[in-house]
Amino acid sequence: MSTTAERRLNLVGGEWRDAPGSIDVLDPADERQVVATVPAMGAAEVDAVYAAATAGAATWRATSTVDRGRVLLRTAGLLRERAPEIARTLTREMGKTLAEASGEVGKAADFFEYYGGLGRAARGELIAHERADVNAYTVHEPLGVVLAITPWNDPLLTPARKLAPALIAGNAVVLKPASYTPLVALELARALDDAGLPAGVVNTVTGSGAAIGDALIEGAPAAVSFTGSNDVGADLRLALAERDVPLLAELGGKNAAVVLGGGSIEQAASSIAAAAWAQAGQRCTATSRVIVERSRLEPLVEALRREAERLVVGPGLDSATTVGPLVSGAQRDSVIGFVERAVAAGATIAAGGGAPEGKAYAHGCYVAPTLLVDVDTEAEIWTEEVFGPVVAVVAADDEAHALDLLNGSRFGLAAALYARDVGVIQRFVAGAEVGQVAVNLPTSGWDVHMPFGGAKVSGSGHKEQGIEGLHFYSRTKTVAIAP
């Protein structure tokens, strides 16, 4: 099957290189289709990547921030120019709709545009000194080689979120994309290369994490930026702690939307539906829990059921589709398993509940947008991340109970509140134990200049995006000079 598929290569030291092994990238709309193949790199190839990155880091460190910014701005332009082709590739390897993929390409370009513009921004500050003749100030220096490990759900946006600040700060980057969705990461590397990035400053690694994970860590990166599951994040934390290597970890979420008095049920339902079922629920910021005051439970459930039934499940390249397939058969089976166990634990399916039937869906990785009610708040479906188009609804007795239900999770990434009372809003914002709060807006969707990152087990405490997104990728040096 893979013998006739296009072969995509890795950027290493400014050259496009192959490796003996092979990974098939499948189309989740029809897993019989191979989109392309990529090299399955081994430990020897990873060693070569780090050698190239070390050389690239020395070159890039000596490059002015203004010139670094110019490369990033040119990259943004190339991403926009190539957007139709890149979006189509993204849809074919990941499954999200073409509209969602096009939006992702635009947001990735925004990251390079934003951080490219910071090439001319002030970095460091003058500090007062008790001696009038001493000049004291801070400077920010790059770390060296940063390893970026990125997930399959936003396979272009997440690399852009990591690479843009790492590069403007002066680091070289080794990029390891998820094996399900490596193709658009390679397209990003191509755009950077075509924009004039010096050889070795960005290098890509495709291959099985199980096969090359140790080599990636033993390559001695100066820092690791990871977005993915809590289990892998925990393993990385232990492995890197032994080496005293800093870790930026963006992990899971079990995000809740809370509906408390006032406002339109229909508007709240429309917003929640977009956050819960867009991108087939495969976002760390997706709404997977809904908490509503008991008097409004039935109207909200009915409104959400109508929203679910309006959605069209199908291939992402079909313009009529509003919910594409999940990324793989394994992910589809995992999500359906969550739903089946929830029902066994007493939940009731109000919409969806499994794979849609019909010949059109037979070879794809589809799950219908699913709404669950009668949910036990101690059950797995309420406490664990599903990462699919499934939302569970629970009633709250009052405002305090709603906040307790929200905060009763070990996750703390995002929360949304739908309310009109200013007092309710202020108390919710102050009391929500999460990294970001949206009021009368969905849990997902943050602009590139707004700090992003979770609390509790949803993150490592470092923020991505905005000026704060630069902090992880540089070290501060304090200088005092006397005459």
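The values are calculated or read from the model by the stated rules, or taken from the named source; none is laboratory data. Please read all numbers here as calculations on a predicted model, not as lab measurements. A quick note on method: Cβ atoms are made from the backbone with ideal geometry, for glycine too, and the neighbour counts reach across all protein chains shown.
Give me a count of the residues in region 366-395 that are within 14 Å of SER409 (Cβ to Cβ) and among the small types (Gly, Ala, Ser). Residues flagged as within 14 Å of SER409 (Cβ to Cβ) and among the small types (Gly, Ala, Ser) within region 366-395 amount to 2. Only strands (runs of 3 or more DSSP E) whose full extent lies in region 215-330 are considered here, and none of them has at least 3 residues that are among the charged types (D, E, K, R) and in contact with a helix residue (DSSP H, G or I) (Cβ under 8 Å, 6 or more places away or on another chain). Listed by first and then second residue, the pairs with beta-carbon distance under 9 Å, at least 6 apart or on different chains, first residue in region 381-392 and without any contact (Cβ under 8 Å) to a residue 60 or more places away in the chain, second of a type in the set (Ser, Thr, Tyr) and part of a strand (DSSP E or B), are ILE381/SER288. In region 291-310, the count of residues that are within 22 Å of GLY364 (Cβ to Cβ) and either of a type outside the set (A, V, I, L, M, F, W, C) or without any contact (Cβ under 8 Å) to a residue 40 or more places away in the chain (or both) is one or more. Scanning region 9-20 for residues that are part of a strand (DSSP E or B) and either in contact with a Cys (Cβ under 7 Å, 6 or more places away or on another chain) or crowded, with 16+ Cβ neighbours inside 10 Å (or both) yields a count of 4.
The numbered conditions (1) assigned to a strand (DSSP E or B); (2) farther than 29 Å from THR227 by Cα are all true for VAL391 except (2).
Which one is nearest to the chain's Cα centre (by Cα), of the residues in region 278-296 that are buried (at least 18 other Cβ atoms within 10 Å of the Cβ) and more than 21 Å from VAL439 (Cβ to Cβ)? Among them, the one singled out is GLN282. Take the conditions (1) free of Cβ contacts under 8 Å to residues at least 40 places away in the same chain; (2) touching an Asp or Glu at 6+ places or on another chain (Cβ under 6 Å); ALA76 misses just one of them, which is (1).
For the residues ALA44, ALA51, ALA57, the requirement of being buried (at least 22 other Cβ atoms within 10 Å of the Cβ), of a type outside the set (Val, Ile, Thr) and assigned to a helix (DSSP H, G or I) singles out ALA57.
For region 338-349, does any single residue satisfy the condition of being within 26 Å of the chain's Cα centre (by Cα), within 20 Å of ALA99 (Cβ to Cβ), at pLDDT 95 or above and β-branched (Val, Ile, Thr)? Within region 338-349, none of the residues are within 26 Å of the chain's Cα centre (by Cα), within 20 Å of ALA99 (Cβ to Cβ), at pLDDT 95 or above and β-branched (Val, Ile, Thr).
Residues checked against (1) within 19 Å of ALA210 (Cβ to Cβ); (2) under 24 Å from the mean Cα position of the chain (by Cα); (3) in the same structural domain as GLY324 (by TED's automatic domain parsing):
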{"position": "LEU11", "(1), (2), (3)": "no, yes, no"}
{"position": "GLY14", "(1), (2), (3)": "no, no, no"}
{"position": "ARG17", "(1), (2), (3)": "no, no, no"}
{"position": "GLY21", "(1), (2), (3)": "yes, no, no"}
{"position": "ASP24", "(1), (2), (3)": "yes, yes, no"}
{"position": "ARG32", "(1), (2), (3)": "no, no, no"}
{"position": "VAL35", "(1), (2), (3)": "no, yes, no"}
{"position": "VAL38", "(1), (2), (3)": "yes, yes, no"}
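Looking across region 297-316 at every residue that is within 21 Å of GLU100 (Cβ to Cβ) and surrounded by 17 or more Cβ atoms within 10 Å (Cβ to Cβ), the one that is nearest to the chain's Cα centre (by Cα) is identified as GLY316. The single condition among (1) in a helix (DSSP H, G or I); (2) under 30 Å from ASP47 (Cβ atoms); (3) not aliphatic (A, V, I, L, M) that ASP110 does not meet is (2).
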